[in-house]
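Novice: Here it is: the structure, laid out below.
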Amino acid sequence: MPRLLRYTRNVVIALATVYLLLFATTRVIHYPEPLAAIRLGLAPASKTPTLMPFHVVAPAPTPVPWSSKPEVMPASVSWDESSIPFDEFLRYTHTNAFLVIRNGVITYEWYNKSTTAKTKLPSYSVAKTLTSIMIGQLIAQDKVKESDAFIKYFPEFKTGGSFDRITIQNLLDMQSGVGVSDNYPSGPSGWGVAIAQMYATTDLNFFLKHNRKMAKEPGSQSVYRSVDTQMLGFIIQKVTGTRVSDYFSKNVWQAIGAEDSAFWNVDRVGGLEKTFCCFNATARDFAKIGKLILDNGASKNNTGDVIGAKWMDRLTSPVTTLDHGWGYGAQVWHPFEGTTMLLGLHGQFIFVHPSTHTVIVKLSDEPTDDGNNEELTVGVLHDLVSSRL
């Protein structure tokens, strides 16, 4: 056999052996198969949702369309103790879509060259607030209570330790104490950390079973932990007896008059939604979530309040302080007094400013390590609404 042919054969055999070993390992730890995991690790933020399984969220049978009235954005904005052109701000922060809604009317709508009004974009941790809205509905229906322990619904997860004392209130306010850090990795090399495992896992039950180690006592400290929101997702599915996506579609998405379907990534088809992240929709429909909060939870399809008065108070009242010194409570951020913000990794924002009747949506492809862009961007959004006071 010619030397080149023997060499090629040996290389192919070696690569196949390595792949089979990796494939077996990923099956054991409930991870996507190796090539899928690599693609997931290398994809830009806006593309990863299409690489994972998902459930469809149906739109409203009778959508509520937006009206528009053009508004000119300022020529420049303040940025890091300087001033840069507004267009440069959009480019520098890797913006995919930017919408401004004033008094229920779209006054500014911008998309980059690869995005349109029909493009479904990820929201990452914006989904945490969507999860909280559903929990609020279940509380209003007296199906759950904030004082309920997580193990009331999942006794199979009992540890005999402090994990067993985690309540829904602890989960809502990032006070569970579960030791799954939100130390997001950059690139494939970091996909072994717990938060990346939860993002990529094909079995959330398996993940939680192996990640119940506590870092703090429940309720003793507020530390941002995506696992807290995922545990709320477990509860929603258990209590409603249906897919989270289906419940959300019927009780929130259709009620706000969503024009387009959305999709929510899951661990596997027929499994559980990754409620700490992974809700994907058009920028216009994301704006309707902001408008829902601006309208104190009122439905746009005459189906009754989507968010009751008590839960609106919970969503708009910070109870603790987290990153950047911003207020936080019930899976919602409050960077300035009188503001409510839904925030996601890679530069996803739904900024709600009731006193000026303004909602701003910014969906982006920021790198994981974006320096202080998050805080600077919030400053720009606040300046945009404050100019209307």
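We did not get these values from a lab; they are worked out from the coordinates using the rules stated. Since the model is a prediction, treat every value here as computed from it, not as a measurement. When we count neighbours, we look across all protein chains shown, and the Cβ atoms used for this are built from the backbone with ideal geometry, even at glycine.
Novice: Would you mind classifying region 213-362 by shape? Square roots of the alpha carbon gyration tensor eigenvalues, ordered a ≥ b ≥ c; an a/c under 1.5 is rounded, otherwise it is prolate if a/b is larger than b/c and oblate if not. Can you show the working numbers first?
Specialist: Values: a/c = 1.55, a/b = 1.03, b/c = 1.50.
Oblate.
Novice: Loop-only check: which GluC sites (Glu not before Pro) in region 42-91 are DSSP coil with at most 15 other Cβ within 10 angstrom?
Specialist: Here the sparse-neighbourhood loop sites are GLU71, GLU81.
Novice: Given axes a ≥ b ≥ c from the Cα gyration tensor, I'd like to know whether region 330-389 is rounded (a/c under 1.5), prolate (a/b larger than b/c) or oblate.
Specialist: Details: a/c = 2.07, a/b = 1.63, b/c = 1.27.
Prolate shape, in that a/c is at least 1.5 and a/b is the bigger ratio.
Novice: In nm, what is the difference between 0.36 nm times the number of residues separating MET214 and ASP142 and their Cα-Cα distance?
Specialist: 23.0 nm
Novice: Once both labels are modelled 7 Å past Cα along the beta-carbon direction, what's the GLU88-SER76 spacing in nm?
Specialist: If labels sit at GLU88 and SER76, their model points lie 0.8 nm apart.
Novice: Only helices at least 18 Å long along their own axis, judged from Cα atoms, and with Kyte-Doolittle mean hydropathy of 1.0 or greater: name those in the chain from DSSP H.
Specialist: Both cut-offs are met by 126-140.
Novice: Also, quick follow-up: Please give the charge dipole size of region 88-184, origin at the Cα centre, charges +1 on K and R Cβ atoms and -1 on D and E Cβ atoms. Round to the nearest 20 debye.
Specialist: 340
Novice: Okay, moving on. In nm, what is the difference between 0.36 nm times the number of residues separating ASP369 and ASP383 and their Cα-Cα distance?
Specialist: 2.6 nm
Novice: Under a crude label model (7 Å from the Cα following the beta-carbon direction), how far is VAL56 from LYS310 in nanometres?
Specialist: 3.7
Novice: Please sort by residue number the trypsin sites (Lys or Arg not before Pro) in region 310-388 whose DSSP state is loop and whose Cβ has at most 15 other Cβ atoms within 10 Å. The partial results should precede the final answer.
Specialist: Numbers: sites: LYS310, ARG314, LYS362, ARG388; in loops: ARG388.
Of the trypsin sites (Lys or Arg not before Pro), the ones in loops of region 310-388 whose Cβ has at most 15 other Cβ atoms within 10 Å are ARG388.
Novice: Can you compute 3J(HN,Hα) from phi for each residue in region 158-174, using the Karplus curve 6.51 cos²θ - 1.76 cosθ + 1.60 with θ = phi - 60°, rounded to whole Hz and x for Gly and Pro?
Specialist: So the Karplus estimates, Gly and Pro as x, are 4, 10, x, x, 5, 4, 5, 9, 5, 10, 4, 4, 4, 5, 5, 9, 6 Hz.
Novice: Going 7 Å from the Cα of THR320 along its beta-carbon direction, which residues of region 205-227 have the amide nitrogen within less than 14 Å of the resulting point?
Specialist: 215-227
Novice: Still on this structure, I have one more. Taking neighbour Cβ counts within 10 Å as the exposure measure, how do SER176, SER46 sort from fewest upward?
Specialist: Values: SER176 31, SER46 23.
Ordered by Cβ neighbours within 10 Å, fewest first: SER46, SER176.
Novice: What does the helix-only formula give at 222 nm for the chain: each DSSP H stretch with n ≥ 4 adding -39500 (n - 2.57), the total divided by the residues, and the result rounded to the nearest 500 deg cm²/dmol?
Specialist: Numbers: 13 runs with 132 residues, N = 389.
It comes out at -10000 deg cm²/dmol, rounded to the nearest 500.
Novice: Let me ask you something else. Is the chain best put as rounded, prolate or oblate by its Cα gyration tensor, with a ≥ b ≥ c the root eigenvalues, rounded for a/c under 1.5, and otherwise prolate when a/b is larger than b/c, oblate when not?
Specialist: oblate
Novice: Still on this model: Listed here are the pairs LYS47/LYS213; LYS274/LYS362; LYS47/LYS250; LYS158/LYS250; LYS69/LYS113; LYS274/LYS300; which of them are more than 24 Å apart at the Cα?
Specialist: LYS47/LYS213; LYS47/LYS250; LYS158/LYS250; LYS274/LYS300
Novice: For region 41-386, what does the relative contact order come out to in percent, with C-alpha contacts under 8 Å and a separation of six or more?
Specialist: Worked out over region 41-386, it gives 27 percent.
Novice: A follow-up question, please. Could you work out the relative contact order of region 52-144, using alpha carbon pairs under 8 angstrom and six or more residues apart, expressed as a whole percent?
Specialist: Working: 64 pairs, mean separation 19.0, N = 93.
Relative contact order of region 52-144: 20 percent.
Novice: Counting other Cβ atoms within 10 Å of each Cβ, which trypsin sites (Lys or Arg not before Pro) in region 280-309 have at most 11 and sit in a DSSP loop?
Specialist: Within region 280-309, no trypsin sites (Lys or Arg not before Pro) qualify (loop, at most 11 other Cβ atoms within 10 Å).
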